[in-house]
Amino acid sequence: MTRIIAGKYRGRELKVPAKGTRPTSSRVREALFSRLEHWNLIQNCDILDLCAGSGALGIEALSRGANSLDLIEKAPAAARIIQDNLRTLKIDNARVYPQNIHAFLTGAPRKYDLVFFDPPYDMPNQEIAQVAQSLAGGYLAEHSVIVIERAKRSGQPEWGSQLSVLDEKSYGDTIIWFLELANETQAQKPEPSEKPTQAGE
């Protein structure tokens, strides 16, 4: 079981798929959300969770005040567990897409303020970079961030010209990259007292 760390659903347990997923540890989630909240990238934001697994990252964001959540999970068993978790917590501002990431990203783009992407170990770096570039092609709102979690030994993908590394953090064998659109800089990130531009504004 995984527990929500903070917010509306603090302490509530989430079901986790028996196999095929790699839940982010509580220590890493706590550090990750501390940084995102400093950038004001949770409250009232629209969230996309790719390779969602149990949905823990996205649901943690909802617990802390996110506006909406779309979860993409192609494994049928994991998608059903996400639905169970949403139902148990009575969450009505989240939607599960039981499909391949690439299929989802061929639809009409919707703007997101924050994207979580925790790909499986066997996904090659080239494919990870392709997904990130697809997101940059129309799915990112102003001041948005893509959070990519990966094993250190996998190395860093080539992100391409549309994206730049805002920050990176290591936690044991895990590395997290924070990506932003290349025409934005860290200095432009909203301070905690500011509200980022929302999709459709």
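The values are calculated or read from the model by the stated rules, or taken from the named source; none is laboratory data. As the structure is a computational prediction, the values presented were derived from the model and not from experiment. Cβ placement follows ideal geometry from the backbone for every residue including glycine, while neighbour counts extend to all protein chains displayed. Please note that ligands, DNA and RNA were not included when accessible areas were found on the heavy atoms of the full protein model with its side chains. Shrake-Rupley method; radii C 1.70, N 1.55, O 1.52, S 1.80 Å.
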Task: Hits in segment 74-99 - residues which are surrounded by fewer than 19 Cβ atoms within 10 Å (Cβ to Cβ), within 19 Å of E149 (Cβ to Cβ) and under 16 Å from the mean Cα position of the chain (by Cα) - done: K74
Task: Options N100, N67, N40: the member that is under 29 Å from G160 (Cβ atoms) and in contact with a Pro (Cβ under 6 Å, 6 or more places away or on another chain) - done: N40
TODO: Could you please give the count of residues in segment 35-66 that are assigned to a loop (DSSP other than H, G, I, E, B) and within 16 Å of H143 (Cα to Cα)?
DONE: 8
- [ ] Just one of (1) surrounded by fewer than 19 Cβ atoms within 10 Å (Cβ to Cβ); (2) modelled with pLDDT under 95 trips up N40, so point out which.
- [x] (1)
Open item on the list: Kindly evaluate E127 against the criterion of being acidic (D, E) and farther than 21 Å from R29 by Cβ.
Closed with: yes
Open item on the list: Is it the case, given these coordinates, that Q156 is open to solvent by 40 Å² or more (accessible area, probe 1.4 Å), touching a strand residue (DSSP E or B) at 6+ places or on another chain (Cβ under 8 Å) and either within 12 Å of A182 (Cα to Cα) or at pLDDT 95 or above (or both)?
Closed with: no
Open item on the list: Looking at L50, L32, L62, L57, can you tell me which residue is closer than 15 Å to D113 by Cα, open to solvent by less than 10 Å² (accessible area, probe 1.4 Å), under 15 Å from the mean Cα position of the chain (by Cα) and of a type in the set (A, V, I, L, M)?
Closed with: L50
Open item on the list: Suppose we keep only residues that are in a helix (DSSP H, G or I) and more than 23 Å from A56 (Cα to Cα) within segment 130-153. Which one would you say is farthest from the chain's Cα centre (by Cα)?
Closed with: R153
Task: Hits in segment 93-124 - residues which are acidic (D, E) and modelled with pLDDT of 95 or more - done: D113
Open item on the list: I need the full set of residues from segment 159-201 which are more than 24 Å from R29 (Cβ to Cβ) and either at pLDDT 90 or above or in a strand (DSSP E or B) (or both), in order please.
Closed with: G160, S161, Q162, S164, L181, A182
